[in-house]
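What follows is a single structure, written as C-alpha cells, with notes after it.
The values are calculated or read from the model by the stated rules, or taken from the named source; none is laboratory data. All values derive from a computational prediction rather than experimental measurement. Note that each Cβ is placed from the backbone with ideal geometry, even for glycine, and that neighbours are counted across all protein chains shown.
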C-alpha cells in the first residue's frame, strides 16, 4: 500500500485513561491512521466515548465523542492496527488475544517488553529491532503481533544515550529521574502526596530503567537481541510537574568522550534511517541546548509536538566521563506518541503485509 | 561561665532576609543565647525590625519587632557572638571586621568555608574541627574568629555519609539533589520559573558539593584539615518545594557494605560526642526510615524541629555499594539551625574564653 | 468530675483517614481526653493502626501505632466519648447506634447537622446550642447523643461573621472560597486536576455554606434553633493549597458598619463565655491582621495551633457594607480540632453527666 | 490598503518582558503584521534580542532573535504601528511621544485607559469605542494615537458580561478573582510567596476592575463614553497558576434573567460585528461549558489559541440573578492578544488612514 493513498483503520484499547486520551488526541487528523474504534473496560462499554471518558486536555474530537465504547476483545474491535493503553493487570491476556486474531498491537504495557521475541522499540534508537516480529509470529503462531514501546523514563534515557553509545560505547550509568505526575495515570498521584513535595520512589521504575535500557541499546542478532553491556544505578523520583520526565545522567564510556564530542554526536544524530520523514518523527530527535538551565519540563516538554527529547548541561564528570540532563514529554514521546511512531515505521517498511489490508 | 546560669548576648547580621528571619525564629527563647541586636543593609538601618523585614513564617517575636535595625559594623553591633546571614557579596569584609574586633562570627556565607584555617563545621560530623580556631587566631591576629557552616545541600549529604564514612570509608559518590526554593532566599526563585517545573541547575552548587564534602569528612591534623579522598559527581536541581533538600545518593566504599550494615551504622550513629545534650542537637541526628517512599521534604523536613536529617530507601546499588535518599530542612539544619548548633558547641566546650564575657 | 483530675477515655471512628489522623495527632497528650481506641472500616479492622493507616503528618504516637483497629460498633468500641471522622455514606447509621448505646458522638459528617434536635456547634460562635442535646435525648430516647461540627468552609465564615452579626446584624453575604485539597480527604483530589490549576466546583459545598451558616448564627429557642435571616451567595473553589480554606466575603448588615467598627468588634471578640480557658480554645479566636496581603493559608493556617481564624483586608464595599478575607486550617479548626473543642465544652459545662463516668 | 495584499510593519516596545515576549510569539507569521523592530529599556538597547530577553515559552523566532534591541523612542523605532508592553512607570511619556510622532500605539499600560478621549477597547465588547480616536487626535493634536486594552482580569469579566448586559442590563456585580502568576510579569511573584498558597491581594487591581468595567460596557456618545451604571464589589486574589485568570461572578440585572436565558445569550453572542473574520478573533468568543467543574485555567486557557473566554457553572443566585465562573488566558486574551486584535480591527475598518502607509 501507499501510506498516503488511504488511511489504515486503527483502534485504541484503554481509550478512556490518560494515555488512551493521548492516543485519541494524537490520532486526530493523522495522515496514515484513521481512528475508527475505541475500547475500554466493561464499566465503560456501551456508553458513548464522551460520557465514558473524563476528557482532560484540549478539545475532544467530535467524531470520537460520539463513538460507542467497545469491549476489549478482537471480536468487538475490528481494526487491524490496535494501540493499547491497557493497564498491565489486563494487558497480558487482551493483547495476546488480539495478536492471535491477526492484529498488530502497539503496546504501552510492561507485560511483553522483556520477552525474547517481542520488539521493544524506540524507532530512532532501535527501529531495526522490529525484525523480531517475524520470529515472534513463527514462534507463537500468531498472524498478528505485539510491538512494545519502552517505559517513559527509559525512553528519555535511551534517546539521549543512543548517539553516545554508538560513538563511544556506554558502559556505566547513573540516572536520577524527576518524573511528572501524568506518568502515574489518572487519578494517579493524590495531590496531598505531591503538592510542594517530592516522592523519592516510583514502584517498579528503577528495575525497568535498568533492564529495558540494555535491550533498547542492544544489537539485533537474528532471533533475539544481544543486550548492551551497560550497568545502571537508577533513582526514580516523583515531582510536582504535570508533563515531562527529567533525568540527570552521569555516563562512563569505553572510549574517551569530552563534553564537546558528546554535544557534537548528539547534534548530528538523526536516528535510525527508517524514521526519516515519518509523520510523527521529530526533526531533530534530540534538541541540544546550551543554556545553563535547560531542559525544563514545563518549557521543553512541548518541543517537537511532544516528540523531541531535549538535552542540556553537557559537562565533564568527576567520576565518569560526561554529565548531562535529558527531558521529554512522558505521555507523548514516552507513551502514546512513541507507539504511533512505531506503527508508522511498520507501515513505511511494509511490515504490515501480514495484516488484512485496511 | 555556666551556660545555664545566664545567656550570651547575640546578634544577627543580615537579619531581614530568609535565613536571617530563621535565626530570629530559632533564637526565640533559646536557653543559652539572648538575641539583643539585629543588623542589616544600609537600606534597612534605623528602621524598627518589624518595618524592615517582611516577616514570612510564624509569629514575629514582639521583643525583636521593636528592635532598631543596626548597621553591620562591629561598632554598631556590640554582641560578642554574631550570627551572619549575610550575602556572599558583602560577607567577606564584614565578617572579617567582626572577627578582628574580637567577636565570634558564625557564618552562613561561602566566603571563608574553604580557607585552610577556617573551621567548616557540622557539629555531629566534625565538631572537632572547631580546634582550627586557635590556628586562625594565631595566623590572622584576630581575637575573635570565624566559624562557617556548610552549604545546605552538602549538609544533608555529609550527615548521611558521616557514619558510612567512619565505618566503611566512602570513596565515590553520585549525588543528585532536588532542592527547595527557600534555599535561594527571598525573593529568590520567580514563581514563573518553578511552578509545575524543574530547573536542573543551581549556580555554583555542584562545585560546593564536591569541595565542601571532602573538608567536612576530612581529618583534623594540627593546623589544617586533611581532605577525605572522596570523588563526587553532583547534579543540583531546583524543584517546587518550600523547605527541604532531597538528595539521591549512590555510594562506593573501601570496605564491603550491605544495605543492612549501612542501616545499622546510621541508626547507631549519635555523632561527635561534644554535641550530646546541646539544646539544638536533634536526637537522633539521623532518622532512618523503612517505608518505601520516605524521606519526603514536606513531611519530614520538620522532624527534630528541623534539625534532623531523614534517610531512607537504603538499598543495593548495581554500580557502587549502596543507594539511599537523604533529606533535611535547608533553612534550619542547612543554615540558621546549623550555625546555632555550632555556637552551642563552642559554648559547651569553653572555646569562647577569648571573648569578652557577656 | 474535675476535668483535670483524670482523663476521659475517648475513641476515634474512621481513624485511618485524613481527619481521623488529625484526631489522633490532636489528642496526643490531651489534658482531658485519653485516646484508648481507634476504629475504622472492615478492611482495616484487626490490623495494628500503624499498618492500617498510611500516616501522613508528623510522628505517629507510639501508643496509638500499636492499637488494634476496631470495628465501628458500640459493641467493639467501649469509650463513652467518640469522635467520628466517618464518611457520610456510613456515618448516619453508625453514629446513631453509638448515641443509642449511651455514647456521646462528636461528628464531622454532614448527616445530622441540619436535624432540628441536633446541635451544630462552633463553640465560640454558638456554644449555647449544645443545650439541644437535652431535647435530642428526650425526642430520640437516646442516653448518649450526637453533636455535630460545621462544614470546614462554613466554620471559617461563621467565626469571622459572629462578632459582626452580634454587633450589626448580618443580612446578605457573598462568599467566594479557595479551599485546600486536604478538605477532600485522602486520596481526594488527583494531582493531575489541581497542579497549576483551579477547580471552580466542590460538590455539595455551596448549599452547605448557605444552609449551615443560618443555623450556626441562629438563636437557641427552647427546643430548636431559629435560623438567622441571612441570604448567602456562595462560590466554592478548590486551589493548590495543602491546608487552609480562604474565603472572600462581602457583607451587608442591618446597621451601619464601617471597616474600623468591624475591625474593632472582631478584635474585641472572645466568643461564647463557656469556651474561655478550654484547652483547645485559641486566644484570641480571631486574629485580625492589618497587612494588605494577609491572611494567607500557608502562613496563617498554623496560627493558634491550627485553631485560630485569621481575618484581614477589612475594607469598604461598593455594594454592601464591608469586604474582608477570612482563613483557617480546614482539618484542625474546620474538622478534628472543632470536634475536640465541642467535647471540651461539654465536659466543662457538665453536660456529660448522662454518660457512664470514665 | 488591502490588509491581505501586504503586511504592516510593526514594533514592540518593552519587548523583553513577559507580555513583550507574548507579542513576539503571537506576531510570528501574522497575516497582516510584520514584526520589524523590538525596543526595550536602556539596559537592553544595542544587544541582539536573543541576548537581551530571557526567552520563556516555545521557540524564539529566528528572525527576531537576531534583531538589535532599539531604544523606546520614535526616532529609533520607525514602524507606524507600535505595540506597547511598557511598564506603567514609563509608558506615560513614551507612548505619548510615539502618538505625537504619528504612530498608532496599542497600549497594555494603565496610564491612559481612563482618559476621556482614549479608547479602552475589547473588540468584541466595544469595538465601536475606537471612534474616540478622532476626538483624541483633534484634542491632543496628535497625528497618531493611543488605543488601550483593558486590565487582564477586567477583560475576562467584560467579555462574560457583555451579552448579559446587552440583553438584561447588568446593575450589580460581585467578582472574586483567582489570578495567575504570569499576570505579575517576570520575575513577578516570588515562589516563596505563592507555592501552596493564596495571596488575597493584588495591588491596584480591585479599583481597576471597578472602574474599567463601566467604561468598557459604556455607550459611545460622540466625544466620550457614557459609563454603564454597574456597581462592582471586587476581590482580587493570586493563586499558584501559570496562565489563566478565573473569576467567580454573581450578577444582578435590570430585567429578569434565568440561568437558561443567560446561557442562551452567551452561546448566541458573536460580539461587535467588526471583529468577525479578523485573524485573531476567536470563534466563538465565549465558550459556554456545561460540565460542573469548568472552566479551569490549566485546561481552558489555551482555548481559541488563548483568545477565547470560557464560562461555566451558570446557575441561579440566592441574592442576585445568576452566578457563573469565567476564565481566560491573561497574557494572550488579557494582554498581547487583545492589543493585536485591537490593531486588526483598526486595520480592517480603515482607521489607519492617517498613518504613513507601510
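The set of residues in the stretch B:134-160 being farther than 30 Å from residue B:324 by Cβ and crowded, with 24+ Cβ neighbours inside 10 Å consists of B:144, B:145, B:146. Does residue A:110 satisfy the criteria of being more than 14 Å from chain B (Cβ to nearest Cβ), within 30 Å of residue A:75 (Cα to Cα), out of contact with any strand residue (DSSP E or B) (no Cβ under 6 Å at 6 or more places or on another chain) and in contact (Cβ under 8 Å) with a residue 60 or more places away in the chain? Spelling it out, residue A:110 is indeed more than 14 Å from chain B (Cβ to nearest Cβ), within 30 Å of residue A:75 (Cα to Cα), out of contact with any strand residue (DSSP E or B) (no Cβ under 6 Å at 6 or more places or on another chain) and in contact (Cβ under 8 Å) with a residue 60 or more places away in the chain. Selection of the stretch D:314-344 for residues being under 21 Å from residue D:152 (Cα atoms), out of contact with any helix residue (DSSP H, G or I) (no Cβ under 6 Å at 6 or more places or on another chain) and at the interface with chain C (Cβ under 10 Å from one of its Cβ atoms) yields D:323, D:324, D:325.
Applying the set (1) within 24 Å of residue C:167 (Cβ to Cβ); (2) in contact with a strand residue (DSSP E or B) (Cβ under 9 Å, 6 or more places away or on another chain); (3) crowded, with 21+ Cβ neighbours inside 10 Å to residue C:340 leaves exactly one unmet item: (1).
Can you pull out every residue in the stretch D:171-183 that is in contact with a strand residue (DSSP E or B) (Cβ under 9 Å, 6 or more places away or on another chain) and buried (at least 22 other Cβ atoms within 10 Å of the Cβ)? If the condition is that a residue be in contact with a strand residue (DSSP E or B) (Cβ under 9 Å, 6 or more places away or on another chain) and buried (at least 22 other Cβ atoms within 10 Å of the Cβ), then D:173, D:174, D:175, D:176, D:177, D:178, D:179, D:180, D:181, D:183 are the ones that fit. Among what's in the stretch D:189-211 and is more than 27 Å from residue B:196 (Cα to Cα) and not in a loop (DSSP other than H, G, I, E, B), pick the residue that is farthest from the other protein chains (Cβ to nearest Cβ). My answer is D:208.
Among the numbered conditions (1) surrounded by fewer than 21 Cβ atoms within 10 Å (Cβ to Cβ); (2) in contact with a helix residue (DSSP H, G or I) (Cβ under 6 Å, 6 or more places away or on another chain); (3) facing chain B (nearest Cβ under 9 Å), tell me where residue A:186 comes up short. Every condition holds for residue A:186 apart from (3). Is it true that residue D:16 is assigned to a loop (DSSP other than H, G, I, E, B) and under 19 Å from the mean Cα position of the chain (by Cα)? Against the criterion (assigned to a loop (DSSP other than H, G, I, E, B) and under 19 Å from the mean Cα position of the chain (by Cα)), residue D:16 qualifies.
Condition check for residue A:220 on (1) part of a strand (DSSP E or B); (2) crowded, with 22+ Cβ neighbours inside 10 Å: one failure, at (2). Exactly one residue out of A:95, A:135, A:57 is at pLDDT below 95, away from every other protein chain (no Cβ under 14 Å) and either out of contact with any helix residue (DSSP H, G or I) (no Cβ under 7 Å at 6 or more places or on another chain) or not in a strand (DSSP E or B) (or both), and it is A:135. Among residues of the stretch A:292-308 that are more than 7 Å from chain B (Cβ to nearest Cβ) and at positive phi, those with a beta-carbon under 7 Å from a residue that is crowded, with 20+ Cβ neighbours inside 10 Å and not in a loop (DSSP other than H, G, I, E, B) at least six positions away or on a different chain give the pairs A:306/A:332; A:306/A:333; A:306/A:337.
The residues of the stretch A:266-290 that are touching a residue at least 24 places away in the same chain (Cβ under 8 Å), more than 21 Å from residue A:32 (Cα to Cα) and crowded, with 16+ Cβ neighbours inside 10 Å, listed by number, are A:266, A:269, A:271, A:284, A:286, A:287, A:288. Please work out if residue C:240 is at the interface with another protein chain (Cβ under 9 Å from one of its Cβ atoms) and either in contact with a helix residue (DSSP H, G or I) (Cβ under 9 Å, 6 or more places away or on another chain) or closer than 30 Å to residue D:238 by Cα (or both). Yes: the conditions hold for residue C:240.
Scan the stretch C:139-163 for residues that are touching a residue at least 40 places away in the same chain (Cβ under 8 Å) and part of a helix (DSSP H, G or I) and report the count. Of the residues in that region, 13 qualify. Apart from one condition, residue C:191 fits all of (1) in contact (Cβ under 8 Å) with a residue 12 or more places away in the chain; (2) under 25 Å from residue C:22 (Cα atoms); (3) out of contact with any strand residue (DSSP E or B) (no Cβ under 6 Å at 6 or more places or on another chain); the exception is (1). Could you tell me whether the stretch B:252-265 includes any residue that is buried (at least 18 other Cβ atoms within 10 Å of the Cβ), touching a helix residue (DSSP H, G or I) at 6+ places or on another chain (Cβ under 8 Å) and under 20 Å from residue B:176 (Cα atoms)? The answer is yes, given that some residue of the stretch B:252-265 is buried (at least 18 other Cβ atoms within 10 Å of the Cβ), touching a helix residue (DSSP H, G or I) at 6+ places or on another chain (Cβ under 8 Å) and under 20 Å from residue B:176 (Cα atoms).
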